[in-house]
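Chemist: The structure follows.
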Amino acid sequence: MLCGRPLFNRTEEGPTLMAVLCEPIVPPSAIRVDVHPGRDGLLSRALTREPASRYPSASEMAAALGAFAPRAASSKSSRRWSDEAPTGVEPMSLR
């Protein structure tokens with residue numbers, strides 16, 4: 001967890017699901033001052049509710065992460081996972 005807590009922290013499932021569907025996503029840099037503000041855009045794109053606006057592949061997200069952690073983006077394990085990830089799977093719509 002980048003922020004040290006769940007994104008939508010509710011005590012019951014119903015309010016949690018409503019928060020996931022409706023509430024704005026708070027940028028990590030607004031929660032923790034030690035998080036680089038440049039990560040906000042990266043995470044916003046990864047978590048957007050509009051599937052077409054997300055990263056099209058794990059490889060592309062890993063490349064974007066590489067700007068913040070070059071070793072992580074080029075690690076064998078992240079490449080292997082993104083190369084083996086299923087393709088042609090439609091993302092679930094939240095509408």
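Chemist: Based on this model, can you work out whether Ser44 counts as over 13 Å from the mean Cα position of the chain (by Cα), within 26 Å of Pro56 (Cβ to Cβ), without any contact (Cβ under 8 Å) to a residue 24 or more places away in the chain and surrounded by 12 or more Cβ atoms within 10 Å (Cβ to Cβ)? Please lay out each step first, then the result.
Modeler: Working: over 13 Å from the mean Cα position of the chain (by Cα): no; within 26 Å of Pro56 (Cβ to Cβ): yes; without any contact (Cβ under 8 Å) to a residue 24 or more places away in the chain: yes; surrounded by 12 or more Cβ atoms within 10 Å (Cβ to Cβ): yes.
No; evaluated as a whole, the condition is false for this residue.
Chemist: May I ask you to list the residues in segment 28-52 that are assigned to a loop (DSSP other than H, G, I, E, B), in contact with a helix residue (DSSP H, G or I) (Cβ under 8 Å, 6 or more places away or on another chain) and at pLDDT below 90?
Modeler: Val35, His36, Pro37
The values are calculated or read from the model by the stated rules, or taken from the named source; none is laboratory data. As the structure is a computational prediction, the values presented were derived from the model and not from experiment. With ideal geometry, Cβ positions are generated from the backbone for all residues, glycine too; neighbour counts draw on all protein chains shown.
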